[in-house]
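This report refers to the structure that appears directly beneath it.
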Amino acid sequence: MVEFLTSKRAFWSFGSLFVLLLFWHLCAEIFQHRHLPTPVAVFDTFLREVRSGNLLYHVWVTLLRVAVSFIVAMFIGSAIGLVMGRLPNVDRFFDSWLIFFLNLPALVIIVLCYVWFGLTEVAAIIAVAINKIPNVAVTVREGARSLSRDLSEMAMVYNFGWAKTLRHVTLPQMAPFFAAAARSGLSLVWKIVLVVELLGRSNGVGFQIHTAFTTFDVPMILAYAIAFIVVVQLIEISLLQPIEARVNRWRR
Amino acid sequence: MAQVSTALEIDVRSKVFPAVAKRGENCVLQNINLQIAPKSFVVLTGPSGCGKSTLLNIVAGLDEDFDGSIRFQSPDARRGYIFQSPRLLPWRTIEENILLALPDGDPRRANVSAMLDRVGLTEAANAYPERVSLGMQRRASLARGFILEPDILLMDEPFVSLDDPTAQDLRKLLIDLYSRRPTTILFVTHDRAEAVMLATRILRMDCGSASIVQDEAVRLGPEDRSDRSKVQAEQARIFSDQ
């Protein structure tokens, strides 16, 4: 984390973000419209929401939903992907199912889950997970298909057994695919969680944005959106990137 | 227990590869019947593509789709396999790779530092395989095969694509490891000089017959093997038909 903040890459990231803020500010000054607030106005709203405790509460609720549905989707999607990648007959049979679910619009899944299971927390989590599972399964299946035959023969000759083979031979080969699924997963999941909250929950960032929408409160919408982008980026930098660096440390 | 004089009995009546594209069935091995004496160093030689590696995979138990049988002296014989490419796990260090050949809690795990020292990898113990040379990876692969103290050790051209001095060093290392703890070795190579230098018995295979065409004991004592002219003379005697 500290390493990142003092790096050249950080200089470029923050520099370009600053230019974006400047551009936004200029646009707001030129158009002078109440639906295009300046960055300063958005920051004021942000501070007000932080002081009232609203922002932290809603961001926390949304984060919990993201975490639970992300973990559920990663586990189920990985299991499906592993099985499909290893067993060609299962793959042939379920491939068209996968294509069906990949192309089913997120909104349809969400609406159907609420209709079938009611406007509940469980329905919300299921809806998000179903949206994410096919993506995880496709990525992990690719990894399972490309497992090295040479190394599994080695494991067989040296009597590794299934537990040792899984831990030392299979999972390390799958790690880059899990990492790819996790990264694309996190950004997809939190966007879907907002839609789920907008349609059928009474708390969370999605709910707050919905409330702000009814009064056309643009500073509020932007304050919540930016707060959540920052949180997701912090997770990415402080959690996902170090894990990825650790599983890749053996590479030349 | 009755005295048994063979460590390994190979009886492959036929091994056929399924038809590929328009070509018919491809018979790679037939009528191979061999008794391998305990602690003998048997080298299997012949042109590439004549089925040497296939036979090794059958003995290793990796290929069970053949007509015949493989019998070991004891049913729970430990097998080691040193492959043509080192087949180390790139995400485990050299030392971890060697230790993985042994079950958890095995007393032989204590031998790992002595083994690393013997194969000259003490300094590289904590390095990842892709960060060291091919020669060092091959040493690690040898160490993994020997630390297991196998009853039978299978080796598939383990010294190809190395420069001459490196390959020669590894052959000397192999002789050293073998003489410290003799075991039954089945070694595949197409390098005749290598075959004569290492073997106590040479089996020649040939593409046409898909079988063993010559079975010869090597008449060299341990000290003769480092004598170039004696190895050459023996090579000329065994491979006299060409």
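The values are calculated or read from the model by the stated rules, or taken from the named source; none is laboratory data. Only a predicted model underlies this, so the values are computations on that prediction, with no experimental measurement involved. Cβ atoms come from the backbone with ideal geometry, glycine included; neighbour counts cover every protein chain shown. We work out accessible area using only protein heavy atoms, side chains counted, and drop any ligands, DNA or RNA first. Shrake-Rupley method; radii C 1.70, N 1.55, O 1.52, S 1.80 Å.
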Long-range HN-HN contacts of B:PHE187 with modeled amide H, under 5 Å: B:VAL42, B:VAL43, B:LEU44, B:MET155
Overall Cα dimensions of chain A, principal axis frame, Å, largest first: 72, 51, 30
Cβ-defined net charge surrounding A:ILE71, 12 Å radius [Lys, Arg +1; Asp, Glu -1]: +2
Reach of A:LYS132 by Cα under 20 Å, taken over lysines that are not fewer than 8 positions away in the same chain: A:LYS191
Angle in degrees between helix A:8-31 and the longest Cα principal axis of chain A, rounded to the nearest 10: 40 degrees
Between helix A:54-86 and chain A: long-axis angle, C-alpha atoms, 0 to 90°, nearest 10: 20 degrees
DSSP-defined beta bridges in chain B - what % are antiparallel, rounded to 5: 55 percent
The range B:161-206-the range B:93-146 distance, computed between alpha-carbon centres (Å): 20 Å
Directionally averaged shadow of the range A:44-97, computed from the convex hull of its alpha-carbon atoms, nm²: 5.3 nm²
Karplus-derived HN-Hα couplings along the range A:199-208 (A = 6.51, B = -1.76, C = 1.60, θ = phi - 60°), whole Hz, x at Gly and Pro: 7, x, 10, 10, 7, x, 4, x, 5, 4
Within a Gaussian network of chain B (alpha carbon springs, distance under 10 Å), most fluctuating of B:ALA143, B:ALA199, B:ALA127: B:ALA127
Semi-axis lengths, Å, the protein assembly as shown, gyration tensor of Cα atoms, sqrt of 5 times eigenvalues: 64, 26, 19
Share antiparallel - DSSP beta bridges, the protein assembly as shown, percent rounded to 5: 55 percent
Residue among A:ILE133, A:ILE125, A:ILE99 with the largest mean-square fluctuation in a Gaussian network model of chain A, springs linking Cα atoms under 10 Å: A:ILE99
Other protein chain Cβ atoms within 10 Å, averaged over every residue that makes up A:148-155: 5
Listing of the range A:203-252 residues, each with accessible area lower by at least 20 Å² in the full protein assembly than in the chain alone (probe 1.4 Å): A:ARG249, A:TRP250, A:ARG252
Accessible surface, per residue, of the range A:104-168 when the full set of protein chains is kept, probe 1.4 Å, Å²: 49 Å²
Normalised contact order of the range A:1-154, rounded percent, pairs of Cα under 8 Å and 6 or more residues apart: 26 percent
Rounded to 10°, Cα long-axis angle of helix A:121-145 versus longest principal axis of chain A: 50 degrees
Carbon plus sulfur fraction of accessible area for the range A:1-139, probe 1.4 Å, in percent: 76 percent
At least 20 Å² accessible surface lost relative to isolated chain, residues of the range B:85-132 (1.4 Å probe): B:ARG87, B:LEU89, B:PRO90, B:TRP91, B:ARG92, B:LEU100, B:ALA101, B:TYR128, B:GLU130, B:ARG131
Reference-scaled alpha-carbon Rg (2.2 N^0.38 Å with N residues) for the range B:111-203: 1.06
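Taking K and R as +1 and D and E as -1, what net charge do the other residues with C-beta under 9 Å from the C-beta of B:LEU170 add up to?
In short, +3.
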Helix-only CD estimate at 222 nm, as mean residue ellipticity for chain A, using -39500 (n - 2.57) per DSSP H run (n ≥ 4): -27000 deg cm²/dmol
Dipole-positive endmost among B:LEU100, B:GLN73, B:ALA114 within the range B:60-137 (Cβ charges, Cα centre): B:ALA114
Cα-based Rg of chain B normalised by 2.2 N^0.38 Å, two decimals: 1.03
Structure-based [θ]222 nm, chain B - -39500 (n - 2.57) summed over DSSP H runs of at least 4, per residue, nearest 500: -8500 deg cm²/dmol
Heavy-atom accessible area order for B:VAL42, A:VAL115, largest first, 1.4 Å probe: A:VAL115, B:VAL42
The range B:38-191 - accessible surface per residue (Å², probe 1.4 Å): 40 Å²
Note, ³J(HN,Hα) from phi for the range B:73-82, Karplus 6.51, -1.76, 1.60, rounded to Hz, x at Gly and Pro: 4, 10, x, 9, 4, 7, 10, x, 9, 9
GNM result for chain B, Cα springs below 10 Å: residue of B:VAL12, B:VAL43, B:VAL132 fluctuating most strongly: B:VAL132
Cα-based reach from B:LYS230 at 22 Å (exclusive), listing lysines while leaving out same-chain residues under 8 positions away: B:LYS172
Accessible area buried between chains B and A, both sides summed, probe 1.4 Å, in Å² to nearest 100: 2100 Å²
With 5 Å bins from 0: P(r) over the range B:62-183, alpha-carbon pairs, percent: 2, 11, 21, 23, 21, 12, 7, 4, 1, 0
Chain B, accessible surface, carbon-and-sulfur percent (1.4 angstrom probe): 48 percent
